[in-house]
Amino acid sequence: MKKFIKTLKNIWSIEELRNKITFTLLLIFIYIVGTHIVLPGINPNTLVDLQKGNAKTSGGLLGLLDTFVGGSFNRASIFALGIMPYISASIFMQLMTILVPQIAKIQKEGESGRKKINQWTRYLTVGVTAFQAVAYISFLTSTYGSAIIPAYGATFFKLSTVVILTVGTLFVMWLGEKITDKGLGNGTSIIIMIGILGRLPQAIVQEWAARTTRGAGGLLIMMIEIVFLIAVIMGLIMLIQGTRRVPVNYAKQIVGNRQFGGARNFLPLKVNASGVMPIIFAQAILFLIAFITGLGKTTQASFLNDHKNVWYMLIYSVAVIAFTFLYTALIFNPKQMADELKRNNGFIPGVKPGQPTADYIGTIMDRITLPGAVLLAFVGILPGLCQLAFVDMTQGFSTFFGGTSLLIMVGVILDTLQQIETQLLMRQYDGLMSSGRVQGRQAATTI
């Protein structure tokens with residue numbers, strides 16, 4: 001505890017770090033306030049009464065989206081769509097950068113190319129947000145229709161809601177960019193994490209109420225669940241940080257009277273190079289199938305909305321593993337890596353430079369991607385497994401045992417702690433941990 005207090009004092013004594021933390025907390029506060037402002041034309045009192053008996057956003061795509069935006073989707077907030085349209089646009093542009101050579105060429109132009117792609121992403125965000133806003137109006141009409149004030153006018157309500165939701169998403173996007181520029185950490189990721197964490201207290205309270213009503217044994221089961229959650233988080237940290245280090249030697253060079261090179265280094269290959277993207281893609285595919293077959297209303301597709309269903313887990317796991325290999329193949333280029341090593345006079349001991357090196361790196365990546373994909377799939381189905389293992393576990397609390405929510409939370413927290421520790425070490429202070437450095441997704445530990 002003494003070292004913890006000393007570390008907090010060291011953090012607060014650094015003016016730059018103190019300003020970054022204060023600025024980030026201020027923008028987060030603004031975002032949280034916005035998530036509780038109800039859209040114009042909706043009666044807040046009637047909305048609250050309808051929310052108590054509503055179960056449409058408890059699972060599936062709507063439940064996932066409501067989790068990412070901190071519950072503002074179900075609250076009909078001006079930030080109901082959150083930053084998710086911007087995320088969708090960014091993912092699309094990232095894929096286009098990989099698949100379309102012309103866009104990839106623009107990205108390689110340096111700062112000007114990145115600014116141009118960022119501008120295209122913003123334009124695409126406006127279109128995606130407007131499209132989702134129209135769909136959201138249909139959701140409001142069908143779910144909370146009686147909460148819409150009749151005197152407001154149906155046409156004016158639709159037009160104003162589309163404009164407000166679009167502006168709200170652009171404002172949240174601006175908050176994220178400002179946090180990235182002048183705050184601490186990646187602003188977009190932090191906003192998503194805040195939305196996820198915002199539902200944690202409510203989920204714990206609901207789980208506590210469900211366990212205590214069962215009488216004897218409820219408290220013990222709750223404690224076991226908390227211990228298991230901590231164990232899952234520790235395992236997920238190992239998955240995020242895990243790498244395979246490939247030894248690399250650099251040839252000696254004599255320039256004049258000085259010798260360069262001759263150093264021995266390691267090439268870190270991440271076990272989970274694709275991050276959370278395979279889970280997002282797999283969920284999108286399952287949701288699309290459920291939508292096409294009637295949103296889970298038919299007997300054939302009902303299991304797609306039931307995370308405890310064995311068929312759902314099987315199909316979901318296969319989809320995650322497949323997308324892990326696909327996305328890793330898109331973002332990981334062994335040929336380019338081998339060329340960079342050759343250009344810098346680096347080589348892997350016992351492997352010829354050029355194509356043999358690329359084949360060797362590709363083979364290693366395939367071998368470590370398989371266990372990483374299996375573990376990622378296991379993390380994705382953990383919420384359903386927990387609901388089966390712990391009888392009567394609430395669905396809201398089970399989402400924190402795995403899936404996209406837990407991956408984002410752990411990854412963002414590790415990245416933020418790593419930035420804080422970097423600031424401390426730059427100024428000759430001790431790090432956050434005495435046993436070693438905190439390492440995020442960019443600097444992973446060895447397994």
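Each value in this text was obtained by applying a stated rule to the coordinates, not by laboratory testing. None of these values were measured; they are calculated from a predicted model. Because the Cβ atoms are built from the backbone with ideal geometry, glycine has one as well, and the counts that use them run over all protein chains shown.
How many angstrom lie between the C-alpha centres of the stretch 333-384 and the stretch 104-138?
Centre-to-centre (Cα) distance: 31 Å.
Roughly how many debye, to the nearest 20, is the charge dipole of the stretch 309-409 about its Cα centre, given +1 on each Lys and Arg Cβ, -1 on each Asp and Glu Cβ, and no other charges?
Result for the stretch 309-409 is approximately 320 debye, rounded to the nearest 20.
Kindly provide the GluC sites (Glu not before Pro) of the stretch 96-177 that DSSP labels as loop, not H, G, I, E or B, and whose Cβ sees at most 14 other Cβ atoms within 10 Å.
Passing both the DSSP loop test and the Cβ count: Glu109.
Going through the cross-link list Lys116/Lys270; Lys116/Lys178; Lys115/Lys178; Lys105/Lys270; Lys105/Lys182, which pairs have a Cα-Cα distance over 21 Å in this structure?
Distance filter (> 21 Å) returns Lys116/Lys270; Lys105/Lys270; Lys105/Lys182.
Within straight cross-link reach of Lys342, meaning Cα distance under 15 Å, which aspartates and glutamates are found once same-chain residues fewer than 8 apart are removed?
Leaving aside aspartates and glutamates fewer than 8 places away in the same chain, those within reach of Lys342 are Asp359.
Multiply the residue gap between Leu425 and Ile98 by 0.36 nm, knock off their C-alpha separation, and tell me the result in nm, one decimal place.
114.1 nm
For the pair Gln202 and Leu330, how long in nm is the line joining their label points, each one 7 Å along Cα→Cβ?
The two pseudo-label positions are separated by 3.2 nm.
Note down the relative contact order for the stretch 19-198 as a percent, whole number, built from C-alpha pairs under 8 angstrom at least six residues apart.
34 percent
Restricted to Cα positions, what overall size does the stretch 379-427 have along the principal axes? Three whole-Å values, descending.
51, 16, 14
Could you check the spin-label model distance between Val374 and Ala389? Points 7 Å from the Cα along Cα→Cβ, value in nm.
Here the modelled spin labels are 1.8 nm apart.
Over all alpha-carbon pairs in the stretch 19-198, figure out the percentage whose distance exceeds 27 Å.
Pairs farther apart than 27 Å: 32 percent.
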